[in-house]
Amino acid sequence: MTSGLSPYGTWLSPITAEAITKGSNSIIDVLVDPVTSNVYHLENRPSEAGRSVLVETQTDKDVVGRDWNVRSAVHEYGGAPAAIYDGIVYFSNFSDGRTYKLQGDGDPEPVTPADKPYRYAAYEVLPTHPHLLVTILEDHTDDTHATVVNTLCVINTNTKTVHSLVSGTDFYACPTFSPNGKRLAWMQWTHPDMPWEGAEIHVRDVSVAADESTIEVKNDKHVAGKKEEVSASYPIWANDTTLLFTSDVSRYINPWKYDVIKGEASPLLPKPIEEDFGKPWKLGWAPFAVLDKEGSNVLFFALRGGRSILYLLTTDKPSEPQEFNTPYVSVDVIRTVSRDNQEVVFVGQRADRDANVVKCSRNELMSGDFKALNLSSANEDKFPSTFVSPPTPITLSVPPKGAPLHVVYHPPTNPAYKGSNIDGERPPCVVNVHGGPTALVGHGLDWKTQYFTSRGWGWLNVNYSGSSGYGRDYVERLAGNWGVADVEDCILAARTLSSAPYNLIDLKRLVIRGGSGGGYTALAAISMAKDEDLSTFAAVTSFYGISNLKNLADFTHKFESKYLKKLIGGTYEEVPGVFKARSPVHHADRIKVPLLILQGEIDRVVPKEQAEEIYESIKSRGGIVEYKLYDGEGHGWRKEENIRDALERELGFYEKIFGLTK
């Protein structure tokens, strides 16, 4: 292609919404059979109505047919919907919530009761009695956020019965048996904590009933974690007496171990490292994998400046970690494949390539020889890497104390163009606000970003105060300040990059977008910002964004039902004035810029009433607002046609506002 000049935002691009959504399966987890060492992965398939599919990675063969959706709805967000043990597959089927067992080429058979409003996730097989599974049971018999009950239970897959095991707290996760099956560890937390705020890890001794119908656990030991102060997460056994986990007691998520015999927890590092060894939370997720039989060597991933790095640590005594150079800027989950061969597998993503399932041994880690097990996505064949806009991490300074603000900028990139034919023109820019709000946008390839940058747009990801990956202090900057600090950070980032010394983007052509919590920030930026900042953004797109905090507290799901207490600084009963002051719907009269609202019809995290209330308020005042409701979609788009429509609708909305032509 020849290089040319054309106004920013008008460049012609082959990266169309149809091209990047058609057959655009995404890897959402990787799993390993601990007996056979076979590797599997979970794919989300938009072309198949957004269902999740379990795939045998080496053969690329679907494990279940098209009638099955391997997905859990525990905590509404789901996760950890399957496990494989000695060739037998156990999985949650999304449509009915039941757990199924699949052996060989037969049909899946249910092993939990029918007609029960139960949800299951995080399956753990008892190695000495593999017909017994421990799992999370979420009981929706009384389906309100105040009455849903979470427990750990035992599923007897022979008798197809369910027995209660551990109960009494609000949430449970990550059950894991020691290799000899004599101990069970798990993590738990209570309201008002989120798991990254005050999760605890516990261990108990395991005994099997005489008739082998179930198990009991006793002699509870609190391993680590403290309510509202320290979060301990992701327990995994190194061996029969050593439990590994992460703790943020140092204000950064760092690796720890617990000696069952001594009853003592200790750090794996001689001194804390100011990096997060893992993300704050994802059900079924694993930030490390044990490499050898003895449990002496562990591969961890950590985050440095928003980029993933890999470390080798030893468990025998505190020692400095060994860092490996890898091409993967994002590592999402790590699993042990074989302790005999010291092999692991992980989901790795480069800045210019889609995520892959990557397998490597310890020797291959040393040499940098990484093997992608699954085929590259079709998009990599369609679009050469010359179209990919590279991530540029930038750390800004927040006045008055100069606190850091982390952003990632993607410049306009298209091999057919070298710039604009308008003298001095800077590109329009999309300011992207991640959800959560305790989440992170990293450096991995996202085709939505390239959809814009290949057309001559800049793209700015803002990891605002409250984002994860930069330590607990950075997360807690949002405590009591949601709707204030995040908004100020987004405005500061956009204004700073549009002025000297950066001069990267056009101050008059800034748009802001966000989904869920990010949608809330986007709405707040045009309704609740300071008077002098209210016109920073020329247009806004809210994807299932929050507009009314009181309604969110009243009608959201159990997992996040107390989230606002810390983000806002109290409950509605305690600070009703703050709830009203921080709700964009109550400031709709200040919204003067065009707004696009995209919403899922069956969203239980942020119900459609949130979108419709602010839409009607703006429309009744004569404001410019568009609203699209996607039938059958929940909290995010899973269907190919809706992902495509949302992309095209958003770009078209901005092009119309700025008078851009294709």
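Details
- Computed from Cα atoms, the angle from the helix 608-620 axis to the main principal axis of the chain rounds to 10 degrees.
- Pairs of Lys in the range 418-570 closer than 19 Å at Cα, counting only those 8 or more apart or on different chains: 6
- Helix-only [θ]222 nm of the chain, DSSP H runs n ≥ 4, -39500 (n - 2.57) each, per residue, nearest 500: -4000 deg cm²/dmol
- Residue-normalised convex hull volume from the C-alpha trace of the range 385-658: 135 Å³ per residue.
- Shape box of the range 24-126 [Cα atoms, principal axes, largest first, Å]: 36, 35, 25
- For the range 472-624, the solvent-accessible area with a 1.4 angstrom probe is 37 square angstrom per residue.
- With every protein chain in place, the chain: carbon and sulfur % of accessible area (1.4 Å): 48 percent
- The chain: relative contact order in percent, alpha carbon pairs under 8 Å with at least 6 residues between: 11 percent
- Mean shadow area of the range 289-381 over all directions, Cα convex hull, nm²: 6.2 nm²
- Radius of gyration and maximum dimension Dmax of the range 499-618, Cα, Å: 15.0, 47
- Gained length - Ala479 relative to Glu425, 0.36 nm times residue gap less alpha-carbon distance: 15.5 nm
- Translational D in µm²/s for the chain (Stokes-Einstein at 37 °C, 0.692 mPa s, Kirkwood Rh from C-alpha pairs): 128 µm²/s
The values are calculated or read from the model by the stated rules, or taken from the named source; none is laboratory data. What you see is a predicted model; the values in this text were computed from it and never measured. Areas reflect the complete protein model, heavy atoms only, side chains present, ligands, DNA and RNA absent. Shrake-Rupley method; radii C 1.70, N 1.55, O 1.52, S 1.80 Å.
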